[in-house]
1. How far apart, in nanometres, would the label points at residue 120 and residue 7 be if each is projected 7 angstrom from Cα along the Cα-to-Cβ direction?
2. Before anything else, pin down the relative contact order of region 1-143: Cα pairs under 8 Å, at least 6 apart, normalised by residue count, whole percent.
3. Using only Cα atoms, find the angle between the long axis of helix 2-19 and the longest principal axis of the chain, and express it within 0 to 90 degrees, rounded to the nearest 10.
4. Can you tell me the dipole magnitude for region 2-152 around its Cα centre, using point charges on the Cβ only (Lys, Arg +1; Asp, Glu -1), in Debye to the nearest 20?
5. Using a cut-off of 15 Å between beta-carbons, work out the net charge of the residues near residue 42 (Lys and Arg +1, Asp and Glu -1, residue 42 not included).
6. Using a simple spin-label model with points 7 Å from Cα along the Cα→Cβ vector, what separation in nm is obtained for residue 16 and residue 57?
7. Roughly what % of Cα-Cα distances in the chain sit above 23 Å, to the whole percent?
8. Cβ under 10 Å from residue 32's Cβ, residue 32 left aside: what net charge do those residues give with Lys, Arg +1 and Asp, Glu -1?
Amino acid sequence: MALSKLDNLYRQVILDHSSHPHHHGSLAKADQAVEMNNPTCGDVIHLELAVEDGIITGIAFDGSGCSISTASASMMTDAVLGKSVTEAEELITAFSELVQGNETPKEEELGEAAVLSGVAKFPARIKCATLAWKALGQAVESNGVAETGHLHQPEDSDHV
Ligand code: ZN
């Protein structure tokens, strides 16, 4: 009884997010754009990020994917918008632990994304669930490089 209730909730929340994803589309001004795919399922995500003073001030995603990958991307944008890059990195780790069936002290902070803990029962779908979070990880990582990595852009050496 309790389990079937949980499964219904899980399914309903995923359906809501995948049919009406939050922050779907693109940003007027993005600092980072990352494209990532999950070949085992065919999911593709294009993620855009705006970061100001270490805070994620804008996030949007596009692409095509199964309901789990789309729902997870939608929940991810809800969870990290307005958070610091450091907090976002902690949530990426927490989510990864969660879908692998491990406990995480950050479960509450993941918001609705926590319902995807049920994916741990379906190993083939874990990559669908983590795709958006991996894309986010790459986006925040490149953002750090862009801020401190002027060595890669010698033309910019005049800027302080
Ligand atoms: Zn998928």
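1. 1.8
2. 26
3. Result, in degrees: 40.
4. 620
5. On the way: positive: 125, 127; negative: 35, 43.
Around residue 42, the surrounding residues sum to 0.
6. 3.0
7. Value for the chain (Cα pairs over 23 Å): 37 percent.
8. Net of charged neighbours comes to -3.
The values are calculated or read from the model by the stated rules, or taken from the named source; none is laboratory data. Remember, it's a predicted structure, so these values are computed and weren't measured experimentally. Positions of Cβ are backbone-derived with ideal geometry, glycine not excepted, and every protein chain shown enters the neighbour counts. Quick note on the areas: whole protein, heavy atoms, side chains included, nothing else; ligands and nucleic acids left out. Shrake-Rupley method; radii C 1.70, N 1.55, O 1.52, S 1.80 Å.
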